[in-house]
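**Q** Right, I'll just put the structure down here and ask away after.
Quick note: the coordinates plus some simple rules give every number you see, no bench work behind them. If you're wondering where the values come from, they're calculated on a predicted model, not measured in any experiment. Using ideal geometry, Cβ is built from the backbone for each residue, glycine included, and neighbour counts are taken over all protein chains shown.
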Amino acid sequence: MAQSGFFSGTVLVAENSHVIYREAFGLANREWKIPNSVDTKFRLASVSKQFC
C-alpha cells in the first residue's frame with residue numbers, strides 16, 4: 001500500500017514497553033517528495049477520540 005501511495009505513516013508495535021517493530025512508510029511531504037522516518041512528527045487532531 002505504501003508503494004502505491006495509499007498509505008503514509010509510521011507503524012510501531014510494542015509489548016511491555018519493548019519495541020518489537022517500527023517502520024516508516026510513504027512520504028511526509030508529497031510536494032517535495034520527503035520520505036517519512038520513524039522520527040517524523042504528525043499533526044493528529046482528534047485521534048484519541050476513538051479510545052474514549
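**Q** How do the peptides 7-13, 39-45 rank, highest first, by the average count of neighbouring beta carbon atoms within 10 Å per residue?
**A** On the way: 7-13: 13.1, 39-45: 8.6.
So the order, starting with the most tightly packed, is 7-13, 39-45.
**Q** Count the net charge of all other residues whose Cβ sits under 13 Å from the Cβ of residue 22, scoring Lys and Arg as +1 and Asp and Glu as -1. Each step should come with its number before you reach the end.
**A** Values: positive: none; negative: 15, 23, 39.
Overall, the nearby charge balance is -3.
**Q** Picking from 34, 11, 21, whose Cα lies most toward the positive end of the charge dipole for the range 1-42 (charges on Cβ: Lys, Arg +1; Asp, Glu -1)?
**A** Farthest towards the positive pole: 34.
**Q** Grab the other residues whose beta carbon is less than 15 angstrom from that of residue 8, score K and R as +1, D and E as -1, and report the net. Write down the numbers at each step before the final one.
**A** Numbers: positive: 30, 33, 41, 43; negative: 23, 31, 39.
Neighbour charge sum, excluding residue 8 itself: +1.
**Q** What is the sum of charges around residue 38, taking Lys and Arg as +1, Asp and Glu as -1, for the other residues whose C-beta is under 10 Å from the C-beta of residue 38? Could the numbers behind the result be given before it?
**A** Working: positive: 22; negative: 23, 39.
Once all neighbours under 10 Å are counted, the net charge is -1.
**Q** Same structure again: Report the equivalent ellipsoid semi-axes for the range 1-42 in whole Å, largest first, defined as the square roots of five times the eigenvalues of the gyration tensor built from alpha carbon atoms.
**A** Details: eigenvalues 103, 25, 7 Å².
In descending order, the three semi-axes are 23, 11, 6 Å.
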